Amino acid sequence: MEKEQLLSYVGSKIQYTRNALLIVFLLLMSLNLNAQQEKRGKYLNGGKIETKDDTTICIDGNSTPIDVYRKGAKGKKKRWIITDADNNILALPKAPPFDFEDAGAGVCKIWSISYWWYVRNLKKGKNLSKLRGWYDLSNPIEVIRNQPKGGTLTGGPFEYTVGDGIADNIPEGAITLEGNAGSNSQWVVTDSEGNILGLPPSPYVVDFDGAGAGTCLVWHLSFDGDLEGAAMGNNASDLVGCYSLSNPIKVVRNSVIADGGTLTGGPFEYCVGDGAADNIPEGAITLEGNTGSNSQWVVTDSEGNILGLPPSPYVVDFDGAGAGTCLVWHLSFNGELEGAVMGNNASDIVGDYDLSNPIEVIRNQPKGGTLTGGPFEYTVGDGIADNIPEGAITLEGNAGSNSQWVVTDSEGNILGLPPSPYVVDFDGAGAGTCLVWHLSFDGDLEGAAMGNNASDLVGCYSLSNPIKVVRKNKVDPICDVNGGYLKAGGLYLFCQGDGVDDFATGIELKTNVGSNSQWVVTDVEGNILGLPPTPEAVNFEGAGPGVCLIWHLSFDTIYGVEEGNNVFINLSGCYDLSNPIPIFRFPYDSGFCDLITYANRHENEIVKISMYPNPAKNNLNIDLSGIKDEDVTVKIYNYSSLEVYNQSINLKSKRDKSIDVNVSKLPQGLYLVSITNKDNSIKAIKRLLVE
């Protein structure tokens, strides 16, 4: 008995000890759990996600990415999650913006998750409720994806004879619509160009009899939300909103009798061959009374031979057609038409057709002709008549209703308008050079008067090539001066208004000859802006945007060197100008100033490239073989820092490391050519002169 009591006593002590240990364990676990929860609240937070983009998007083939911002998120790792409306994981994208264009219609959610180490079931196909681990989710952003479908129309095409007073409706049920989707639906009738003619409740209520001859299209329109532009007179391509159009069903409306109609307007008269477009002004021809299921404009010569079949008379540029007369017609026809092709005669057309009356277009093209003879050289001022011998100048190839001989100075200023070049006595004209031209013109001509410049003539005219007449004094003084050659110290590219002094340093003068010397600053037209003692003395910071030129002037005697005069017109005496050095001054707020700053800071990284010819007139070749980057962009800027050319080039895929640039349409003047890589860093920069 004592043994059993002893065992019972020992057993009770053991049980007591176990219970005490369990209590201590649970207490420690509770303390640890509280610590973890406290740590979790301090170091783990899914955060808040926001977006400034519209979360109701249209799936229409145009990407509409949604950018999302994450705030207040805490955790060792963070990821983005896309789920469906039921929180099933659809994707785990790396980072916003998110593009749902390929997702189709529906609703999805964007989440952000923060976690430590690892989260189980964080994979596509799993539901967020199955996630296990130490993590926290942000708020969701719901994205509604609308994808209307205009559907597929079957039926037709339908063809009616209109204008006979009999209703022309599409039979009920003759058009079948399938596969459409969208919260809103509308039937649309347009012409063949997509211009909206009507918005009927169904295609069967439309009576096409009063619409006149032509072709129209019936469409089904599905859309979600608001829709703009669905109004008569607008074009279906101008609709704005989340919409989709079905395929069209064609409705052909034939008139009873083809009538080419009546044209009013003109006749039109143009001066062709001068490079200026000669188009009939929009709306200058009125067409009335035409009927027929099909319509075509026709241009013929005066004999009716077809020269063109334009979509309208206003797109025809008659400038390249040469001199002559052509006729503009309107052609209406039903059904098939044969013979309406260039080279045929309009009388050879076969079919149910009718031509309107013609409108006459007169094309004048005077030609000044080609002069041969000379040059002629005379010693003037000796009292002996200096006339060009009769017949010493030959004129060929001239054309025009009017003709005139013109004598100008070397700058084109008109000195005389003689009846022939042989009646002019150059003896009293003084030393210099003048030019003899032949002028042909049609119609009225303005500006052909002494004192005007030949470049100021206004009218339909053409000048021949000039014949030079050199007039030398009996005794010519020797003038042995040389303005020298200027070598620039680099490209002078300055930003105006940035508060930084802009000095043109490093200009070297070589081979100049003359007893006197002067530095000259002009604009690009040659007008004198300043006469500094040296180029370095000029601070261009306050000059404003533009281009100016620095010259060196050598002279023994000179007249007219003062601000406001022109170095090409107003100087006289024994003098000579050097080559000019251009100074480019760009507006401070232009993007080119950033390129200038980069180029100045990375001068050692600029690559030397070859670019020829320079000056350029038509084509410019740029050799890029010295640049190693795979992708570069070639840009050309004018002196106002406006970009006039931009071309991206992959040098890796281009066997020939050079490009040809057509500069023939650029105005004459100075330009800058820059080559940048894909990081927008300048690789090369060159100066370009377009003649």
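Kindly indicate which of ASP501, ASP444 is part of a loop (DSSP other than H, G, I, E, B) and free of Cβ contacts under 8 Å to residues at least 60 places away in the same chain.
Checking each option against the conditions leaves just ASP501.
Just give me the residues in the range 257-296 being hydrophobic (A, V, I, L, M, F, W, C) and closer than 30 Å to SER664 by Cβ, in sequence order.
PHE268, CYS271, VAL272, ALA276, ALA277, ILE280
Residues of the range 242-288 being within 36 Å of the chain's Cα centre (by Cα), closer than 30 Å to TRP219 by Cβ and among the hydroxyl-bearing types (Ser, Thr, Tyr), which ones?
TYR243, SER244, SER246
Out of (1) out of contact with any strand residue (DSSP E or B) (no Cβ under 9 Å at 6 or more places or on another chain); (2) within 30 Å of GLY173 (Cβ to Cβ), what's the single condition that is false for GLY275?
(2)
Given the structure, is VAL458 out of contact with any Cys (no Cβ under 6 Å at 6 or more places or on another chain), more than 24 Å from ASN364 (Cα to Cα) and not basic (Lys, Arg)?
When the stated conditions are applied, VAL458 does not pass them.
List every residue pair whose Cβ atoms sit under 9 Å apart, with the two residues 6 or more apart in sequence or on different chains, where the first one lies in the range 77-90 and is within 19 Å of TRP117 (Cβ to Cβ) and the second, anywhere, is among the charged types (D, E, K, R) and buried (at least 16 other Cβ atoms within 10 Å of the Cβ).
These pairs meet every condition: LYS78/ARG70; TRP80/ARG70; ILE81/LYS109.
Residues are listed down the side, and each one gets a yes or a no for (1) surrounded by 12 or more Cβ atoms within 10 Å (Cβ to Cβ); (2) outside any strand (DSSP E or B); (3) modelled with pLDDT of 75 or more; (4) in contact with a Gly (Cβ under 7 Å, 6 or more places away or on another chain):
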{"site": "SER590", "(1), (2), (3), (4)": "yes, yes, no, no"}
{"site": "ALA599", "(1), (2), (3), (4)": "yes, yes, no, no"}
{"site": "ASN604", "(1), (2), (3), (4)": "no, yes, no, no"}
{"site": "ILE622", "(1), (2), (3), (4)": "yes, no, yes, no"}
{"site": "ASP629", "(1), (2), (3), (4)": "yes, yes, no, no"}
{"site": "VAL634", "(1), (2), (3), (4)": "yes, no, yes, no"}
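Is it the case that the range 277-286 has a residue that's among the polar types (S, T, N, Q), touching a helix residue (DSSP H, G or I) at 6+ places or on another chain (Cβ under 9 Å) and modelled with pLDDT of 90 or more?
Yes; the residues of the range 277-286 include at least one that is among the polar types (S, T, N, Q), touching a helix residue (DSSP H, G or I) at 6+ places or on another chain (Cβ under 9 Å) and modelled with pLDDT of 90 or more.
Scan the range 366-420 residue by residue and report those that are of a type in the set (D, E, K, R), surrounded by fewer than 16 Cβ atoms within 10 Å (Cβ to Cβ) and outside any loop (DSSP other than H, G, I, E, B).
Quick first cut of the range 366-420, residues of a type in the set (D, E, K, R) only: 367, 377, 382, 386, 390, 396, 409, 411.
Pick out the ones that are also surrounded by fewer than 16 Cβ atoms within 10 Å (Cβ to Cβ) and you get 377, 382, 390, 396, 409, 411.
Matches in the range 366-420: GLU377, GLU396, ASP409.
Hey, among the residues in the range 436-453 that are hydrophobic (A, V, I, L, M, F, W, C) and crowded, with 21+ Cβ neighbours inside 10 Å, which one's nearest to GLY400 (Cα to Cα)?
So in the range 436-453, the residues hydrophobic (A, V, I, L, M, F, W, C) come out as 436-437, 439, 441, 445, 448-450.
Checking which are crowded, with 21+ Cβ neighbours inside 10 Å leaves us with 436-437, 439, 441.
Details: VAL436: 19, TRP437: 15, LEU439: 9, PHE441: 5 Å.
Only one residue tops the list, namely PHE441.
Consider VAL350 against the criteria (1) surrounded by 15 or more Cβ atoms within 10 Å (Cβ to Cβ); (2) over 30 Å from ALA431 (Cα atoms); (3) modelled with pLDDT of 90 or more: it satisfies all of them except one. Which criterion is unmet?
Result: VAL350 passes all but (1).
Given the structure, is ALA85 within 21 Å of ASP53 (Cβ to Cβ) and at pLDDT below 90?
Details: within 21 Å of ASP53 (Cβ to Cβ): yes; at pLDDT below 90: no.
No: the conditions fail for ALA85.
Counting only residues that are in a strand (DSSP E or B) and under 25 Å from the mean Cα position of the chain (by Cα), which one in the range 606-620 is farthest from ASN579 (Cα to Cα)?
Among residues in the range 606-620 that are in a strand (DSSP E or B) and under 25 Å from the mean Cα position of the chain (by Cα), the one farthest from ASN579 (Cα to Cα) is ASN619.
Which members of the range 262-287 meet the condition of being surrounded by 15 or more Cβ atoms within 10 Å (Cβ to Cβ), of a type in the set (Val, Ile, Thr) and more than 12 Å from SER312 (Cα to Cα)?
VAL272
Of all the strands (runs of 3 or more DSSP E) wholly in the range 302-356, which have at least 1 residues that are free of Cβ contacts under 8 Å to residues at least 60 places away in the same chain and within 37 Å of the chain's Cα centre (by Cα)?
306-308, 324-338
Report, by residue number, each residue of the range 288-318 that is surrounded by 14 or more Cβ atoms within 10 Å (Cβ to Cβ) and among the polar types (S, T, N, Q).
ASN290, THR291, SER293, ASN294, SER295, GLN296, THR300, ASN305 - these are the residues of the range 288-318 that are surrounded by 14 or more Cβ atoms within 10 Å (Cβ to Cβ) and among the polar types (S, T, N, Q).
Which one is surrounded by the fewest Cβ atoms within 10 Å (Cβ to Cβ) among residues in the range 129-152 that are in a strand (DSSP E or B) and over 43 Å from the mean Cα position of the chain (by Cα)?
The residue in question is ARG132.
Looking at the range 206-255, which of its residues are at positive phi and surrounded by 16 or more Cβ atoms within 10 Å (Cβ to Cβ)?
If the condition is that a residue be at positive phi and surrounded by 16 or more Cβ atoms within 10 Å (Cβ to Cβ), then GLY214, GLY241 are the ones that fit.
Here are some conditions: (1) in contact (Cβ under 8 Å) with a residue 40 or more places away in the chain; (2) farther than 24 Å from SER332 by Cα; (3) not small (Gly, Ala, Ser). LEU263 meets all but one. Which one does it not meet?
For LEU263, the exception is condition (2).
Give the number of residues within the range 453-480 that are assigned to a loop (DSSP other than H, G, I, E, B) and either in contact with a helix residue (DSSP H, G or I) (Cβ under 6 Å, 6 or more places away or on another chain) or at pLDDT 90 or above (or both).
So the answer is 4.
Here's a check for you: in the range 421-434, which residue that is over 20 Å from GLN404 (Cα atoms) and in a helix (DSSP H, G or I) is modelled with the highest pLDDT?
So the residue we want is ASP427.
If you check every pair at least six apart or on different chains, which have Cβ atoms under 8 Å apart with a residue in the range 383-395 that is over 25 Å from THR370 (Cβ atoms) first and a residue that is surrounded by 10 or more Cβ atoms within 10 Å (Cβ to Cβ) second?
As it stands, the answer is GLY383/ASP427; ILE384/ASP427; ALA385/ASP425; ALA385/ASP427, since those pairs meet every condition given.
Identify the residue in the range 530-548 that is loosely packed, with under 15 Cβ neighbours inside 10 Å and either among the basic types (Lys, Arg) or assigned to a strand (DSSP E or B) (or both) and, among all such residues, is farthest from the chain's Cα centre (by Cα).
Across the range 530-548, the extreme among qualifying residues is GLY530.
So how many residues does the range 332-391 have that are within 18 Å of GLU303 (Cα to Cα) and in contact with a helix residue (DSSP H, G or I) (Cβ under 7 Å, 6 or more places away or on another chain)?
Within the range 332-391, residues that are within 18 Å of GLU303 (Cα to Cα) and in contact with a helix residue (DSSP H, G or I) (Cβ under 7 Å, 6 or more places away or on another chain) number 4.
Go through the residues of the range 646-666 one by one and say whether even a single one is of a type outside the set (Ser, Thr, Tyr), exposed (fewer than 11 other Cβ atoms within 10 Å of the Cβ), under 17 Å from the mean Cα position of the chain (by Cα) and assigned to a loop (DSSP other than H, G, I, E, B).
Looking through the range 646-666, at least one residue is of a type outside the set (Ser, Thr, Tyr), exposed (fewer than 11 other Cβ atoms within 10 Å of the Cβ), under 17 Å from the mean Cα position of the chain (by Cα) and assigned to a loop (DSSP other than H, G, I, E, B).
Taking the range 274-301 as the region of interest, how many residues are outside any strand (DSSP E or B) and either farther than 19 Å from ALA213 by Cα or hydroxyl-bearing (Ser, Thr, Tyr) (or both)?
13
Report the residue count in the range 109-128 for those that are in a loop (DSSP other than H, G, I, E, B) and buried (at least 17 other Cβ atoms within 10 Å of the Cβ).
1
Just to be sure, is ASP556 among the acidic types (Asp, Glu), under 30 Å from GLY381 (Cβ atoms) and either in a strand (DSSP E or B) or touching a helix residue (DSSP H, G or I) at 6+ places or on another chain (Cβ under 7 Å) (or both)? Explain how you work it out, then say what you get.
On the way: among the acidic types (Asp, Glu): yes; under 30 Å from GLY381 (Cβ atoms): yes; either in a strand (DSSP E or B) or touching a helix residue (DSSP H, G or I) at 6+ places or on another chain (Cβ under 7 Å) (or both): yes.
Considered against the rule, which asks whether it is among the acidic types (Asp, Glu), under 30 Å from GLY381 (Cβ atoms) and either in a strand (DSSP E or B) or touching a helix residue (DSSP H, G or I) at 6+ places or on another chain (Cβ under 7 Å) (or both), ASP556 comes out as yes.
The values are calculated or read from the model by the stated rules, or taken from the named source; none is laboratory data. If you're wondering where the values come from, they're calculated on a predicted model, not measured in any experiment. With ideal geometry, Cβ positions are generated from the backbone for all residues, glycine too; neighbour counts draw on all protein chains shown.
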